[in-house]
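So the structure is just underneath, and the comments pick up after that.
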Amino acid sequence: MKNKAHQRYRIKDGTIVRGVTTIIGNNLGWNKNVLMAWARKKALEGKDPDKIKQEAADIGTMAHTLIEAHITKTKIDEGEFKPNYLTIARKCFQGYLDWEKENKFTNVKSEVGLVSEKYQFGGTLDKIGESSKGLTLVDFKTSSGIYVDHKIQVSAYHQLAVENGYDIKEIILLHLGKNGDFAEHKVNAMEKYWDIFKHCLALDKYRGLL
């Protein structure tokens, strides 16, 4: 399974550019102290924090894979999935199915890989759909909650979509809980989050010069 953060993005001249999640992860750092405290707590409990984070990432990737297969009506080989992770991922997937039933969305595109020639970065959008409000960007989250990093992330996805000709009218962060529930978070104040991302992007470019 391929994680979005590990995908390669190239602009027209062939230059490889960083992805949205990599840029935010390398340069924001607002949650650093919280993460360090969490990692210390888990280590004192005799647990491996790196393993816990990897497990969460794998479950999230599995859930995304199940959703993508459902949207595109394709079959996947579940044999590559760890059974205990797959059980949790299916609960996240059920949350998506319940959300889908409640919302009349026409799928336009899913897993949309785009690049920005203007700002030189890339990203993969989970879903673009058509609703009563027009084109809607939906990003799936299986983390323990919705955080400011996620809003910064979708502001960058919004820029990618607009720059590539998608007239996005609404942005939704769809939280898919590991117990099968879901919560829809509509993202506003996009200019503020986009401005933060541009600062992260500037810092990322400086990193390459050091």
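For the chain, what is the percent of antiparallel DSSP beta bridges, rounded to the nearest 5?
Here the share of antiparallel DSSP bridges comes out near 70 percent.
Got a sec? Charge dipole of the stretch 24-100, +1 on Cβ for Lys and Arg, -1 for Asp and Glu; which of 76, 44, 62 is way out at the positive end?
44
Using a basic spin-label model with each label point 7 Å from the Cα along Cα→Cβ, how many nm lie between residue 98 and residue 206?
Going by the 7 Å Cα→Cβ label model, 4.5 nm.
To the nearest whole percent, what portion of all C-alpha pairs in the stretch 4-207 is separated by more than 24 angstrom? Show your work: numbers first, answer last.
Details: 9173 of 20706 pairs.
Taking all Cα-Cα pairs of the stretch 4-207, the fraction more than 24 Å apart is 44 percent.
How big is the dipole moment of the stretch 4-207 about its Cα centre under a simple scheme where the beta carbon of each Lys and Arg is +1, that of each Asp and Glu is -1, and everything else is neutral? Debye, nearest 20, please. If you can, show how the numbers build up before the last one.
Working: 32 positive and 27 negative charges, 96 e Å.
Around 460 debye, computed over the stretch 4-207.
Aspartates and glutamates within cross-link reach of residue 169: Cα-Cα under 13 Å, excluding same-chain residues under 8 positions apart?
Those aspartates and glutamates meeting the cut-off are 130.
Mean-square fluctuation check for the chain, GNM, Cα pairs under 10 Å: which of 186, 75, 141 is largest?
Per the Cα network of the chain with a 10 Å cutoff, 75 tops the list.
How large is the helix-only mean residue ellipticity at 222 nm for the chain, computed as the sum of -39500 (n - 2.57) over DSSP H runs with n ≥ 4, divided by its residue count, in deg cm²/dmol to the nearest 500?
That comes out to -15500 deg cm²/dmol.
Where a number appears in this text, it was derived from the coordinates with a stated rule and is not lab data. Worth saying up front: this structure is predicted, and the values here are computed from it rather than measured. Heads up, the Cβs are rebuilt from the backbone with ideal geometry, glycines too, and the neighbour counts pull from every protein chain shown.
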